[in-house]
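**Student:** The structure under discussion is supplied below as structure tokens; questions concerning it will follow.
The values are calculated or read from the model by the stated rules, or taken from the named source; none is laboratory data. Model, not experiment: these values are computed from the prediction. Here the Cβ positions follow ideal geometry from the backbone for every residue, glycine too, while neighbour counts run over all protein chains shown.
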Amino acid sequence: MNKRIVIVLCCILTCLLFSCNFVTKCGIEPPAAYNGDNMDLYTVAAFSILGADSPSTKIRIIEKDQYNRVLFEVRFWEEGIHSFYFQKPLEHTQLYAYAVSQKSDIDHVYYYEDECWAVFEKAEDFTEAEVIALKERNDWDKPIEESRLSSRSIIRRGQAKIDSDWLYENGAAVLNTKNSITSGIILNEGDYLHSSWLDLDVNGKSLFIIWIVYKDVIADNQPNEHRCTAFFVMINKDGSYDMTTYKAEINHLRQYWIELKDFKAINHWRGVKINY
């Protein structure tokens with residue numbers, strides 16, 4: 001057999017063995033990657049908005065201010081908390097968000113963590129008053145407040161949101177704990193439980209959102225916010241967690257970012273800031 005062919009086959013086998021080991025050790029497959037445009041803006045969306053870290057997400061720039069902030073639209077599809085809120089439980093629902101990026105350079109994007117987005121079922125549902133409120137939260141047309149900035153390395157085309165090397169080293173411990181937490185939740189037959197890995201902080205703490213849709217909601221297709229239980233879960237890099245603060249129920253699904261700020265604070269979340 002040609003020596004070059006042997007080398008190529010060996011490389012392919014090595015990659016396959018690594019992939020199998022990754023899935024066995026972590027219990028998950030590496031997440032799918034986004035290959036669209038505006039990677040800096042996608043990075044903001046992926047780490048901020050549940051469901052927006054998808055290969056099918058679409059980004060559209062709407063407006064820039066005098067400090068070069070960017071107001072942009074995010075179009076994405078998901079079947080989680082947002083689709084439930086918008087009366088479409090368990091459907092693969094197209095949703096819209098508006099978000100603001102403060103600035104970016106060749107390697108990093110900067111934004112106001114937990115203040116930079118709002119989600120809607122239809123683009124036309126985003127009223128002028130809500131646009132103004134989002135801009136005000138993000139200091140539109142005012143100097144950038146450096147102390148409020150969080151920074152992320154820009155996700156590169158073909159790269160997953162959560163780095164595969166990090167998952168390989170730490171994913172098993174974190175996911176084992178998350179699975180232990182969810183397995184302790186009592187479900188009735190027909191209830192639907194799902195979880196999403198939303199974010200990591202600078203110390204490797206993992207933020208999950210877990211939600212349950214009850215079988216009567218699924219059966220009659222008449223969702224009600226109070227017939228869905230959703231909550232945040234915070235797990236440390238080694239799989240441990242604080243028994244007194246690791247979980248908090250979400251009371252307002254559409255604007256869960258308000259409660260998320262408080263949850264992060266009591267769990268000593270350290271966003272990837274540029275100043276400490």
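**Student:** List the residue pairs whose Cβ atoms are under 9 Å apart, where the first residue sits in the range 120-139 and is closer than 14 Å to E63 by Cα and of a type outside the set (A, V, I, L, M, F, W, C), the second is at pLDDT below 90 and not in a helix (DSSP H, G or I), and the two are 6 or more positions apart or on different chains.
**Tutor:** Listed by first residue and then by second, the contacts come to N138/E115.
**Student:** So for the range 21-40 (the condition being among the hydrophobic types (A, V, I, L, M, F, W, C), in contact with a Ser or Thr (Cβ under 7 Å, 6 or more places away or on another chain) and modelled with pLDDT of 85 or more), does at least one residue qualify?
**Tutor:** Scanning the range 21-40 turns up no residue that is among the hydrophobic types (A, V, I, L, M, F, W, C), in contact with a Ser or Thr (Cβ under 7 Å, 6 or more places away or on another chain) and modelled with pLDDT of 85 or more.
**Student:** Quick one: in the range 50-101, of everything that is among the basic types (K, R) and at pLDDT 75 or above, which residue is nearest to D125 (Cα to Cα)?
**Tutor:** R75
**Student:** Would you be able to tell me the number of residues in the range 103-155 that are modelled with pLDDT of 90 or more and of a type in the set (V, I, T)?
**Tutor:** Looking only at that region, the number is 6.
**Student:** What do you reckon, is N267 of a type in the set (S, T, N, Q) and at pLDDT below 80?
**Tutor:** no
**Student:** Here's something else I'd like to know. Does L193 satisfy the criteria of being at pLDDT 80 or above, touching a helix residue (DSSP H, G or I) at 6+ places or on another chain (Cβ under 7 Å) and farther than 19 Å from D262 by Cα?
**Tutor:** Yes; evaluated as a whole, the condition is true for this residue.
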